[in-house]
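Presented below is the structure to which this report refers.
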Amino acid sequence: MIRFLFKFILCLVLALLAGAAILATRGGDVTYRVHEWLSPARFHQYDDIIREVAAKDGVDPMLVKALVWRESRFEPGKLGTAGERGLMQVSELAAREWASETHARGFQVAQLFDPKTNLEAGTWYLRRALQHWQRQKAPAAFALAEYNAGPSRAQRWANNNPDTPMTVQDFQNRINFPGTRQYVISVLQRYDFYRHRGRM
């Protein structure tokens, strides 16, 4: 009887592990899924704020979350090497533009460590970049390059004309900053991962 019970439990555990492995591989990124299962609070704690802010700015929340994943791995207290702050690694210059345009009274740069303030400023900046590249068939790649390296560099990589259609592949090939090229690729891959599974 004990032997039978042991075999039954072993089979049950193996079946659960196999089921988990199948679910993970169907989701696209096994490593991400495992981390997400081990620490669900970290990976989902800002989803409601992301949805709210993205809806206000008319940006796909899955793109915002993909950018947050790449910029900070969901760490609101992250400080970048050039002084970028928070979840979306917003620079002081971009934050001051956001504060001026949206009339955010009494804004202080330290507030960028507050998740909602950071997501509002970063999503606003991303929306502006997406609008700048709206004539492109796939504006996200162009906007992400602008978000990472600035508008003048993105413009140069697009032959100084955001209105002339260019494929994402051609644009990526023209990005001569390897870090920015990899940044664009990785955010777009994470964005596809979220869209493939139908949720953030």
Handout entry: Label of the coordinate-derived value, Cα Rg over 2.2 N^0.38 Å, listed as (1) 0.94; (2) 1.94; (3) 1.23
Key = (3)
Fill in the blank from the handout: For the range 149-161, Karplus-derived ³J(HN,Hα) couplings (6.51, -1.76, 1.60; θ = phi - 60°; whole Hz; x for glycine and proline) come out as 10, x, x, 5, 5, 4, 4, 4, 5, 9, 6, 6, 8
Fill in the blank from the handout: To the nearest Å², the heavy-atom accessible area per residue of the chain with 1.4 Å probe amounts to 56
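Looking at the chain, how many pairs of lysines come closer than 27 Å at the Cα, when each pair is eight or more places apart or spans two chains? Before the final figure, lay out each step's value.
Working: Lys56/Lys65; Lys56/Lys78; Lys56/Lys116; Lys56/Lys137; Lys65/Lys78; Lys65/Lys116; Lys65/Lys137; Lys78/Lys116.
So the count of such lysine pairs works out to 8.
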Exercise for the section: With a point put 7 Å past each Cα toward its Cβ, work out how far Gln182 is from His44 in nm, to one decimal. Expected result: 3.1
Completion exercise
For Ser91, the accessible surface traced by a 1.4 Å probe with all protein chains present amounts, in square angstrom to the nearest 10, to 40
Practice task
Hand me the trypsin sites (Lys or Arg not before Pro) from the range 68-127 located in a DSSP loop with no more than 11 other Cβ atoms within 10 Å, in residue order please.
Solution key: Arg105
Problem - Rounded to the nearest 20 debye, dipole of the chain from Cβ charges on Lys, Arg, Asp, Glu - result: 600
Practice task
Please give, to one decimal in nm, the separation of the simple spin-label points placed at Asn173 and Gln134, each 7 Å out from Cα toward the Cβ.
Solution key: 3.0
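The values are calculated or read from the model by the stated rules, or taken from the named source; none is laboratory data. Note that this is a predicted model, so its numbers are computed, not measured. Counting neighbours? That spans all protein chains shown, and the Cβs are built from the backbone with ideal geometry, glycine included. Surface accessibility is based on the protein's heavy atoms, side chains included, excluding ligands, DNA and RNA. Shrake-Rupley method; radii C 1.70, N 1.55, O 1.52, S 1.80 Å.
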